[in-house]
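*Asks:* Have a look at this one.
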Amino acid sequence: IDGNISQAGASFDPKALAANPFAFPTGVWSSPEAAYYGLSQQQAQEMGIDAGEAIALYAECLRGRVFSPNGLLKLVFEKPAGRVLGVHICGEDACELIHYGMELVKAKRTISDINNSLYSAVTFHEMYRIAATAALDEAGARKRRAAAGAALAARNR
């Protein structure tokens with residue numbers, strides 16, 4: 001083996017890396033998939049950050065309704081500025097979708113930035129805008145999630 005490459009990672013401390021939510025996006029290729037990047041609401045609050053969270057159900061976006069309605073995307077954001085601090089996804093293609101969320105966190109994008117962006121229909125990325133809208137209108141978001149859940153339940157009867 002060339003040079004000391006075999007020694008790479010000899011001093012690697014997995015506990016230190018695992019404790020850093022910004023080290024890399026984490027994904028679990030299971031059924032359903034799960035992925036996250038950045039802070040959870042609890043982690044943010046433990047750091048003294050006033051944080052909120054906003055959820056989009058897969059069943060709320062067109063692709064989710066048609067192909068895979070089970071799952072959710074959650075944005076963790078700093079109040080009142082709206083800066084995105086973390087993204088958590090459980091559902092189909094979560095391990096693919098998390099990379100866009102990582103870029104939102106790294107670029108210090110806000111809920112308003114996401115809400116004002118256009119996302120193609122029939123992509124799961126539309127859930128980022130749905131979650132951002134939920135952050136801006138919590139009561140409306142609860143009604144939309146309830147309607148999506150009712151429609152899904154009726155479809156599965």
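*Asks:* If you check every pair at least six apart or on different chains, which have Cβ atoms under 7 Å apart with a residue in region 26-51 that is over 12 Å from residue 86 (Cα atoms) and in contact (Cβ under 8 Å) with a residue 40 or more places away in the chain first and a residue that is open to solvent by less than 40 Å² (accessible area, probe 1.4 Å) and in a loop (DSSP other than H, G, I, E, B) second?
*Replies:* 27/33
*Asks:* Hey, any hits in region 15-35 for a residue that's part of a helix (DSSP H, G or I), modelled with pLDDT of 95 or more, of a type in the set (D, E, K, R) and surrounded by fewer than 18 Cβ atoms within 10 Å (Cβ to Cβ)? Steps first, please.
*Replies:* So the first thing to find is which residues in region 15-35 are part of a helix (DSSP H, G or I), and the list is 15-18.
Now drop any that are not modelled with pLDDT of 95 or more, which leaves none.
Checked against the condition, which is being part of a helix (DSSP H, G or I), modelled with pLDDT of 95 or more, of a type in the set (D, E, K, R) and surrounded by fewer than 18 Cβ atoms within 10 Å (Cβ to Cβ), region 15-35 yields no hits at all.
*Asks:* Give 95, 90 a once-over and let me know the one that is farther than 18 Å from residue 137 by Cβ, touching a strand residue (DSSP E or B) at 6+ places or on another chain (Cβ under 8 Å), outside any strand (DSSP E or B) and not aromatic (Phe, Trp, Tyr).
*Replies:* Numbers: 90 fails: outside any strand (DSSP E or B).
When all the criteria are applied, what remains is 95.
*Asks:* All but one of (1) modelled with pLDDT of 90 or more; (2) touching a helix residue (DSSP H, G or I) at 6+ places or on another chain (Cβ under 9 Å) hold for residue 42; which doesn't?
*Replies:* The number of the failed condition is (2).
*Asks:* Starting from region 63-84, keep only residues that are in a loop (DSSP other than H, G, I, E, B), then list their pairs with residues that are among the aliphatic types (A, V, I, L, M) and at pLDDT below 95 whose Cβ atoms are within a distance under 7 Å, requiring at least 6 positions of separation or different chains.
*Replies:* Pairs found: 69/59; 69/152.
*Asks:* Taking region 94-108 on its own, how many of its residues are open to solvent by 60 Å² or more (accessible area, probe 1.4 Å) and either on the phi > 0 side of the Ramachandran plot or in contact with an Asp or Glu (Cβ under 8 Å, 6 or more places away or on another chain) (or both)?
*Replies:* The number of residues fulfilling the criteria is 1.
*Asks:* Restricting to region 36-60, name every residue that is of a type outside the set (D, E, K, R) and in a strand (DSSP E or B).
*Replies:* Taking region 36-60 and keeping what is of a type outside the set (D, E, K, R), we get 36-45, 47-49, 51-52, 54-59.
Answer for region 36-60, where residues must be of a type outside the set (D, E, K, R) and in a strand (DSSP E or B): 36, 37, 38, 51, 52, 54, 55, 56, 57.
*Asks:* Let me confirm something: among 81, 132, 121, which residue is out of contact with any Asp or Glu (no Cβ under 6 Å at 6 or more places or on another chain), over 22 Å from residue 65 (Cβ atoms) and hydrophobic (A, V, I, L, M, F, W, C)? Break it down into steps so the answer makes sense when it comes.
*Replies:* Working: 132 fails: over 22 Å from residue 65 (Cβ atoms); 121 fails: over 22 Å from residue 65 (Cβ atoms).
Of 81, 132, 121, the one residue that is out of contact with any Asp or Glu (no Cβ under 6 Å at 6 or more places or on another chain), over 22 Å from residue 65 (Cβ atoms) and hydrophobic (A, V, I, L, M, F, W, C) is 81.
*Asks:* Can you list residue pairs whose Cβ atoms sit under 7 Å apart, with the first residue in region 142-157 being more than 15 Å from residue 68 (Cβ to Cβ) and the second being at pLDDT 85 or above and charged (D, E, K, R)? Count only pairs 6 or more apart in sequence or on different chains.
*Replies:* Close Cβ pairs satisfying both conditions: 144/60; 145/60.
*Asks:* Quick check on region 123-157: of everything there that is charged (D, E, K, R) and closer than 24 Å to residue 41 by Cα, which residue is farthest from the chain's Cα centre (by Cα)?
*Replies:* At the first step, the residues of region 123-157 found to be charged (D, E, K, R) are 126, 129, 137-138, 142-145, 155, 157.
Okay, now just the ones that are also closer than 24 Å to residue 41 by Cα, so 126, 129, 137-138, 142-145.
Values: 126: 12, 129: 11, 137: 18, 138: 17, 142: 18, 143: 21, 144: 18, 145: 17 Å.
The residue in question is 143.
The values are calculated or read from the model by the stated rules, or taken from the named source; none is laboratory data. Since the model is a prediction, treat every value here as computed from it, not as a measurement. Glycine also receives a Cβ, built like all others from the backbone with ideal geometry; neighbour counts cover every protein chain displayed. SASA here: full protein model, heavy atoms, side chains in, ligands and nucleic acids out. Shrake-Rupley method; radii C 1.70, N 1.55, O 1.52, S 1.80 Å.
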